[in-house]
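Report on the following structure.
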Amino acid sequence: MQDPLLDCEDDIRSYLEEHATTQCPPLLAQAMEYAVFPGGARVRPQLCMAVALANNSSDRPLAAAAATAVEFLHCASLVHDDLPCFDDATERRGKPSVHAKFGERIAVLTGDALIVAAFQTLAVHAIHNVRAERVPLVLSILARGVGAPHGIAAGQAWECEPSVDVARYHRAKTGALFIAATCAGAASAGVDPGPWMNLGACIGEAFQVADDIKDAIGDAELLGKPVGIDAKLGRPNAVHEIGLDGATDRLKSLLEEGLESVPYCAGRESLVRLVRAQSARFVPEKMGRSAA
C-alpha cells in the first residue's frame, strides 16, 4: 500500500487553491491557506485514504477528495475552537492562531469557508466524474461527522452545558470526525462503511484522551499551543475525571481495541501497521514508553 500521507498532501493544496483564489478577498484567501498549511500530522486524511487503499479503491480521485474534505473540516474546527468565544487560544501549531493573526471576523469566515470548501470539493468531484454514485453516501457521512446531534458542532455545544459525560463529549468533539474519516474512506472504495465505524471511534477517542493528557501535563512550547485550557475553562477532561493513570490505561485499551476491530480487507496488514505507527504519535512525550 502506498504512503497515504504523500498521496493526499498535493490534493489538499490543489483543492484549496480552487477556493483561495485571486478572486477571493485577499485576507480571507491568506487566512484559509494559513489555517491549512503547514498542516499538523494529517492523521484524519491519512486514515481516510489508508482505508480506501486497503480496500483496493478503484476511485482514487474520490478517496483523495474525501480525505481533503476531512482535513478542511478539521482545520475549520480548529479555527473556530480557538476563537475568543471558545478557547480564546492565541497559538496553534506553533504559530499565532488565525484569529490572533487576522482578527476574529476573518477567523469566523475562514472556518465557515473551509466547511463549505469541504463539501464543494466532493460536489465538484460528482459533477466531473461519470462514476459519482458513491458521492452522496460520502457527503452524508461527513455531514454527520461535523453537525448535530453527534458531530463536531454538538461536541463544541457540549462545552456550553453545565455538565456532560466525558465519553459522550469525546465521541462528538473528536471521535465523530475520525469515524467520518474511516467510513468515508470505505464508502469511497465502494464497501460498506458500517464495519469501519469502530476503528474511527476508538482512534478518535484515543486521540482526545491523549490530548487531555497533554493539556494536563504537557509542555506548551513542545505542543505549539497553550496547555491547562480545560482546567481553566472547567471543560471535560479525562485526566480530571479518572486521573492520569486511568487516562493512560484508557488510551492503551482504546488503541488496542481499534487495531483489533479493523475489518478484513485486502490491505488489512498494511493498514494495521500504519494505524499502529500513527497511534504511537498520540503518546505525550512525558509519558514515554510506559504508555506506548
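Within the stretch 83-115, the set of residues being aliphatic (A, V, I, L, M), touching a residue at least 24 places away in the same chain (Cβ under 8 Å) and out of contact with any Gly (no Cβ under 9 Å at 6 or more places or on another chain) comprises 89, 106, 107, 108, 109, 113, 114, 115. Out of all the residues in the stretch 6-31, which are under 22 Å from the mean Cα position of the chain (by Cα) and outside any helix (DSSP H, G or I)? 20 - this is the single residue of the stretch 6-31 that is under 22 Å from the mean Cα position of the chain (by Cα) and outside any helix (DSSP H, G or I). Scanning the stretch 42-69 for residues that are assigned to a helix (DSSP H, G or I) and of a type in the set (Lys, Arg), we see that the one that is surrounded by the most Cβ atoms within 10 Å (Cβ to Cβ) is 44. Only one of the numbered conditions (1) at pLDDT 95 or above; (2) surrounded by 19 or more Cβ atoms within 10 Å (Cβ to Cβ) is not met by residue 87, and that is (1). Residue check: residue 34 meets all listed conditions (1) without any contact (Cβ under 8 Å) to a residue 24 or more places away in the chain; (2) in a helix (DSSP H, G or I); (3) farther than 14 Å from residue 115 by Cα but one, namely (1).
Would you check if residue 20 is at pLDDT below 90 and more than 21 Å from residue 277 (Cβ to Cβ)? In short, yes. Counting only helices (runs of 4 or more DSSP H) that sit completely within the stretch 70-159, those holding 1 or more residues that are within 24 Å of residue 24 (Cα to Cα) correspond to 98-102, 104-128. Of the listed requirements (1) over 30 Å from residue 242 (Cα atoms); (2) modelled with pLDDT of 90 or more, residue 131 misses just one: (2). With respect to the conditions (1) farther than 24 Å from residue 184 by Cα; (2) crowded, with 21+ Cβ neighbours inside 10 Å; (3) within 17 Å of the chain's Cα centre (by Cα), residue 93 lacks only one, and its number is (2). Would you mind stating whether residue 149 is exposed (fewer than 15 other Cβ atoms within 10 Å of the Cβ), at pLDDT 90 or above, more than 16 Å from residue 72 (Cα to Cα) and of a type outside the set (S, T, N, Q)? Here the answer is yes, as residue 149 does meet what is asked. For the stretch 158-166, check the following and say yes or no: at least one residue is surrounded by 24 or more Cβ atoms within 10 Å (Cβ to Cβ), touching an Asp or Glu at 6+ places or on another chain (Cβ under 8 Å) and closer than 23 Å to residue 247 by Cα. For the stretch 158-166, residues surrounded by 24 or more Cβ atoms within 10 Å (Cβ to Cβ), touching an Asp or Glu at 6+ places or on another chain (Cβ under 8 Å) and closer than 23 Å to residue 247 by Cα: absent. Of the set (1) of a type in the set (Lys, Arg); (2) under 23 Å from residue 262 (Cα atoms); (3) over 18 Å from the mean Cα position of the chain (by Cα), all apply to residue 131 but (2).
The values are calculated or read from the model by the stated rules, or taken from the named source; none is laboratory data. Worth saying up front: this structure is predicted, and the values here are computed from it rather than measured. All Cβ positions, glycine included, derive from the backbone under ideal geometry; neighbour counts span all protein chains shown.
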